[in-house]
């Protein structure tokens, strides 16, 4: 069969004329030297230029990586060798190496040497460890030495190509060539060694447009390859593929088969003349240098020729033309294999193959192995590699029966039985590919067609283009992999048998019921195998997955491209190989696969028998599989993961299991989930316990309010406050009417502004205390001006209209508010329809409520800014308990207590503000009809003691005039008109209804006028 030379372009960049290319073995880099005197390093993965060396102004004809030293060495037409560190771009050394243009540089693979060749007809050996000392000069050519190449099998020998039409082979340490190969009619431009171990060959190309293959042991020309129309400038043996590459000035690169010497392909990228070719051992990448740029291509199939017989544990692979084998059963029982690690195996040489193997595959029973390549196939016995049969074919496939196979030769398909041709047919739509298995599959331009192996009759035609088809061992399931996805089909042999007897069931596209489509998975399958009803495969993302019953399970993530080989059931291990023939394994329990297979077949009796053998660590994965198949109850019994078990019990509504698991796990989220389900079930006792354990106080408030559970609401307030959830604590106490607790929570959290406004609305009696705290807090924060700007309602009642009514209403509500039964809901007036102040006033007017102020123990007045405020004596007035007096009188009464100053029913703030013009509070005038107390009043606060009070008189302008007329002459300049003073008094809410013993001294009036 011809070589499957898939050619993929990996890099294409335009540049000046390229004279040399070299591939880095460890990094994705290409070194390119140019005719314009520069050198570039490209990343062929990202297609980016990453480094540039401006070397000289003349052509740089050669350049190589010295990976051991992180160097790049270049040779140019100025006869200099330059050495650079390719990481830092620093030039480390340069020296004159030849007396003419330097054509070629090669690096010794093991020693610290480089070899250079030049137009001065010499070859020189340089040692970088000896400070680039010249170790040896090789003379013998009589024309330019164009290229040199070191023998990969013997590093002490190298070959040189010269325009004197010869190829010479040299030995390090010898001044004379070992021998000379003559045969080219014109100058020889290039030379390269074959790296395979089976042939002592080298290749050369010259100006005679010929490529010659030489046997350097026999010193003869083995083959001459003709095809180029211009000079051949570069040649190379591919280190991994049986390919000879030749580049010419005709602009083409030709690929020749190194065994058959047949021309396999010609590449022409339109970049003019080709000057350089570089290959890398262990890689299929090839770098090409042209007049107009650089190309990087990848040749051939990446998948190695490798096959495994799972029944015997033997793996066979081809390394070039050598067949090698390893036996997994040779592993000792004490060797513990770890997932993803290389399996230590002893390689056994089976022999050499007559053709270059491109594919290997075992027969289904493992007795035979077929090798395909070079347009031929050879069937060997798997044990001794003895030739059993051979022939020409483009493709080869096995049937489910190991004695039967088919080949494709052009558009003809031939079927063999026991190594003898049984039948030949030509599909109607042609044959572009064939597939083995339970049915013979043929790919054509119209799609996929399945044929019966025995009769070659049409079974089914499907309009998809498959890449490969995998059949299960029992022939019931098939995976058809395409370039973008894969399909799982179930084959129905009963329908096929029925159609044989009833031709009416057969249509133009075959038997419609022959296949049932089970799934379409949008993943790219690289390699795959069936184990029972489970399809294991590697995908394009380097993952090992398996498909069973519509579920995709990931076994492992791979760090490189791997290829599935087989599954050894008695070891529960899955084996894979890479292109370097390294074997790795992963554990995959057979009992799990068997259980899942039994479930898919709905054979629950077998599944129950297999379940005890499933390892405990695998049971949770099995439970997930059962859940996806809809068997939640069985999954609940199988799973070992409490999280999964809780979710399943929740879905099944088994609250007892959920409760037990939640107690065991002590996970707040689980309690919340359980509370949701319990709520739907109406189990509010369980709901309360779940929310309490989860400390979900927000939900608990909803529950407590909906159920009118005062005790629960109180508990929520206490617990949430302890846990620092103050918003919940505030809300719960507010619902319960614990206003003092709400105020304490605000103060505790230093939310003093909110506390002040809260008091203004709900607890007016606490305003003075809270504003004092607020002021102190501002002063601690160095916000003195803000603290002074705060007006305390107890000091500036004139700024807060109706404040006294709020004091009264607070006291009234405390006396009248009582708990109501829930069944009175409809008869109770809603709060939003009530007006508490009006209710208080009605109760006060009807004498159902009496306001009870308390006596102040704090008669001192603070001052701001060291200013003295006028002290006004508060004249006590009392309301007659029996009936209001029609006129003012000084007759004492003995029924009411005496107070010096009326304040809200709590102790006044200890740090009250200064009173520049304190008004007579309405609290001090409970009713208009007042009398003097029978008990003597305390001494007045002003400096001058007034005469004993007689009756209450109105403050008039004459009183003010009298108070101010007694001042010394020094104060007369600051007098103001009576009308202006009255206006100022009105603005400060100084009431007319004050006693006639209120007097001002000089300082009082002076301070008042100054402030106003």
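The table below lists the values:
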item: Modelled FRET efficiency - R0 60 Å, residue 129 with residue 726, Cβ distances, 0.05 increments; result: 0.20
item: Zone of residue 171's modelled label, taken as backbone nitrogen in the stretch 116-143 under 16 Å from a point 7 Å along Cα→Cβ; result: 138-139
item: Between the stretch 591-657 and the stretch 322-375, the alpha-carbon center distance in angstrom; result: 38 Å
item: Computed E for residue 412/residue 342 - FRET, C-beta separation, R0 35 angstrom, nearest 0.05; result: 0.20
item: Residue-span extension gain [residue 8 to residue 329] - 0.36 nm each, minus C-alpha spacing; result: 111.6 nm
item: Distance between modelled label sites at residue 178 and residue 680, nm, 7 Å Cα→Cβ extension; result: 8.4 nm
item: Rg/Rg_globular for the stretch 473-588, with Rg_globular taken as 2.2 N^0.38 Å and Rg from C-alpha atoms; result: 1.27
item: Cβ-based exposure ranking for 256, 832, in which fewest neighbours within 10 Å come first; result: 832, 256
item: Peptides ranked, highest mean first, by Cβ atoms within 10 Å: ranges 96-108, 493-505; result: 96-108, 493-505
item: Distance between modelled label sites at residue 628 and residue 643, nm, 7 Å Cα→Cβ extension; result: 1.8 nm
item: FRET efficiency, 1/(1 + (r/R0)^6) with R0 51 Å, evaluated for residue 392 and residue 91 via beta carbons; result: 0.30
item: The stretch 575-603 residues near the modelled residue 559 label - backbone nitrogen below 19 Å, point 7 Å along Cα→Cβ; result: 575-587
item: Computed lengthening from residue 298 to residue 266, 0.36 nm per intervening residue step minus Cα-Cα distance; result: 10.1 nm
item: Segment residue 570-residue 850, extension gain: residue separation times 0.36 nm, minus the distance between their alpha carbons; result: 91.1 nm
item: The stretch 750-792 residues near the modelled residue 814 label - backbone nitrogen below 16 Å, point 7 Å along Cα→Cβ; result: 759-770
item: Which of 353, 221 has the fewest Cβ neighbours within 10 Å, and the rest in rising order; result: 221, 353
item: Label point distance in nm, residue 483-residue 822, each placed 7 Å from Cα along Cα→Cβ; result: 7.2 nm
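Any read-out appearing in this document is the output of simple, stated calculations on the displayed coordinates, not a laboratory observation. Quick caveat: nothing in here was measured; it's all calculated off a predicted structure. Cβ sites come from the backbone with ideal geometry, for glycine too, and all protein chains shown count toward neighbours.
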